[in-house]
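Below you'll find the structure, written out as structure tokens, and then a few comments.
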Amino acid sequence: MPQLLQNTFIAAPPQELVLRDGFRFIHGQTIAPFTIVYETFGELNAAKSNAILVCHALSASAHAAGKYTDAEDEKPGWWDGLIGYGKGIDLGKHFVICANLPGSPYGTTAPASVDPSSGKPYGSRYPWPTIEDVVHSQKQLLDHLGIPHLRSIAGGSLGGMQVLMWCALYPDFMDSIIAMATGAAVPVHGIAWHIIGRKIIEADARFNGGDYYDHPEPLRGLQVARMVGHMTYLSAQALQTKFGRRRRGNTRQFEIDSYFEYQGKKFAAQYDANSYIRVQAAMDEMDLAEQYGSLAGALEKWRGRTLLVSFDTDWLFPVAEVDRVEAAMQANGVDVRHERVSAPNGHDTFLIDYDLITPPVREFLR
């Protein structure tokens, strides 16, 4: 067992799977070699029957839980409140894998990665990934690790969309799924805000069609796009409680303005604009009902136990979107449980309110 810290543990460093022959994207392009960065947590049992794949959302990485050091100021993994020893996804019982998705800037080959044939970042030449690409990359990693079957697959938001795509592509590979704050497609109001954000990035004078890496400072367009995206993660109740119409000190600047500036600059300092527009576009392009003729048709071969979790203040994926998934699964005779949670923090609830999401996850996995 890794060294335990207060409320978390010391995590092993990230690992790499290098595909020397490259990775072929759904739209036909191949990048070679191609690196997939991943992390594992807990211990795989002798029967290899206790593995859970965790799928991350847009701005996260393979670092799902724990800390790399015992430094007090180090931020733990993005789902550390749910994954750990004695937590909802108990590492004393389960072996967890999380892989950084294609296009993300956190280690897996991405637009900012250097093309060995040119010595320059891929930039505008990097393919536009799909959610199918993400799932296929995860499947290749699991095959590499010698894991023939999964106990479960879990994720929220974009991570939850990956979970549902697994049900369509590899329905026999896992016993169960956990999908939170998600849906089979992004509803049109979410797509609208996403498009506005991408257009803001593309309108940045320094964007240069995606080839801007000679200028290392973050794009202002990415900072503003993140502000737009962040709005879809919050609820009206959360905005009113946290900020209201309060001003910053004795200035005319609203507190919400200061907050968005902070969040935008923080995000743009560590993320990449090309990655942002590609990963977000992949999210928007997925529509299981459109791709398979109907949602029930997309999920017709899935028969595993299912936990769906929705939040009443989620503006990006309202409860009705999760209801659609539940209805399709029920029509197919799936053992599905839909946990409708009342929460003040909107879409971000699955990353914040662990007291609300831990009980149903723990009970489901038990």
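The values are calculated or read from the model by the stated rules, or taken from the named source; none is laboratory data. Since the model is a prediction, treat every value here as computed from it, not as a measurement. Cβ: placed from backbone, ideal geometry, glycine included. Neighbour counts: every protein chain shown. SASA here: full protein model, heavy atoms, side chains in, ligands and nucleic acids out. Shrake-Rupley method; radii C 1.70, N 1.55, O 1.52, S 1.80 Å.
List of remarks:
- First in the stretch 271-292 and under 14 Å from Ser157 (Cα atoms) and among the acidic types (Asp, Glu), second anywhere and at pLDDT 95 or above and in a helix (DSSP H, G or I), Cβ under 6 Å, 6 or more apart: Asp284/Ile191; Asp284/His194
- For the stretch 258-297, taking the residues that are acidic (Asp, Glu) and more than 14 Å from Pro187 (Cα to Cα), the one that is modelled with the highest pLDDT is identified as Asp272.
- Test: residue in the stretch 48-61 that is open to solvent by 20 Å² or more (accessible area, probe 1.4 Å) and touching an Asp or Glu at 6+ places or on another chain (Cβ under 6 Å): no
- Residue tally, condition open to solvent by 50 Å² or more (accessible area, probe 1.4 Å), farther than 19 Å from Leu239 by Cβ and not acidic (Asp, Glu), over the stretch 319-348: 8
Okay, residues lined up against (1) out of contact with any strand residue (DSSP E or B) (no Cβ under 8 Å at 6 or more places or on another chain); (2) of a type in the set (Gly, Ala, Ser); (3) modelled with pLDDT of 95 or more; (4) in a strand (DSSP E or B):
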{"position": "Asp73", "(1), (2), (3), (4)": "yes, no, no, no"}
{"position": "Gly86", "(1), (2), (3), (4)": "yes, yes, yes, no"}
{"position": "Pro102", "(1), (2), (3), (4)": "no, no, yes, no"}
{"position": "Ser117", "(1), (2), (3), (4)": "yes, yes, no, no"}
{"position": "Gln138", "(1), (2), (3), (4)": "no, no, yes, no"}
{"position": "Gly160", "(1), (2), (3), (4)": "no, yes, yes, no"}
{"position": "Leu164", "(1), (2), (3), (4)": "no, no, yes, no"}
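- A count restricted to the stretch 203-235 and to residues that are at pLDDT 90 or above, open to solvent by less than 60 Å² (accessible area, probe 1.4 Å) and not in a loop (DSSP other than H, G, I, E, B) stands at 11.
- Candidates in the stretch 298-313 are the residues that are of a type in the set (D, E, K, R) and in a loop (DSSP other than H, G, I, E, B); of these, the one that is surrounded by the most Cβ atoms within 10 Å (Cβ to Cβ) is Glu300.
One line per residue, one yes/no per condition, for (1) under 25 Å from Arg151 (Cα atoms); (2) of a type outside the set (Gly, Ala, Ser); (3) in contact with a Cys (Cβ under 7 Å, 6 or more places away or on another chain):
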| site | (1), (2), (3) |
| --- | --- |
| Leu5 | no, yes, no |
| Pro13 | yes, yes, no |
| Leu19 | no, yes, no |
| Gly77 | yes, no, no |
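- Which listed residue, of Leu351, Leu316, Leu295, is over 23 Å from Met231 (Cβ atoms), in contact (Cβ under 8 Å) with a residue 60 or more places away in the chain, aliphatic (A, V, I, L, M) and crowded, with 19+ Cβ neighbours inside 10 Å: Leu295
- Residues that are free of Cβ contacts under 8 Å to residues at least 40 places away in the same chain and of a type outside the set (S, T, N, Q) within the stretch 327-342 comprise Ala327, Met329, Ala331, Gly333, Val334, Asp335, Val336, Arg337, His338, Glu339, Arg340, Val341, listed in sequence order.
- Conditions (1) more than 30 Å from Pro127 (Cβ to Cβ); (2) touching a residue at least 12 places away in the same chain (Cβ under 8 Å); (3) within 18 Å of the chain's Cα centre (by Cα); (4) surrounded by fewer than 24 Cβ atoms within 10 Å (Cβ to Cβ): number failed by Ile89: (4)
- Exclusive hit being modelled with pLDDT of 95 or more, surrounded by fewer than 22 Cβ atoms within 10 Å (Cβ to Cβ) and small (Gly, Ala, Ser), set Gly123, Gly156: Gly123
- Criterion applied to Val96, Val18 was being touching a strand residue (DSSP E or B) at 6+ places or on another chain (Cβ under 9 Å), farther than 21 Å from Gly155 by Cβ, hydrophobic (A, V, I, L, M, F, W, C) and not in a loop (DSSP other than H, G, I, E, B), and the one residue passing it is Val18.
- Against the numbered list (1) at pLDDT 95 or above; (2) open to solvent by 30 Å² or more (accessible area, probe 1.4 Å), Arg366 comes up short only at (1).
- Residues located in the stretch 259-273, provided they are buried (at least 16 other Cβ atoms within 10 Å of the Cβ) and hydroxyl-bearing (Ser, Thr, Tyr): Tyr259, Tyr271
- Scanning the stretch 1-35 for residues that are touching a residue at least 40 places away in the same chain (Cβ under 8 Å), open to solvent by 30 Å² or more (accessible area, probe 1.4 Å) and touching a helix residue (DSSP H, G or I) at 6+ places or on another chain (Cβ under 9 Å) yields Ile26, His27, Gln29.
- If you go through the stretch 62-113 and keep only what is over 26 Å from Val135 (Cβ atoms) and of a type in the set (Val, Ile, Thr), you end up with just Thr69.
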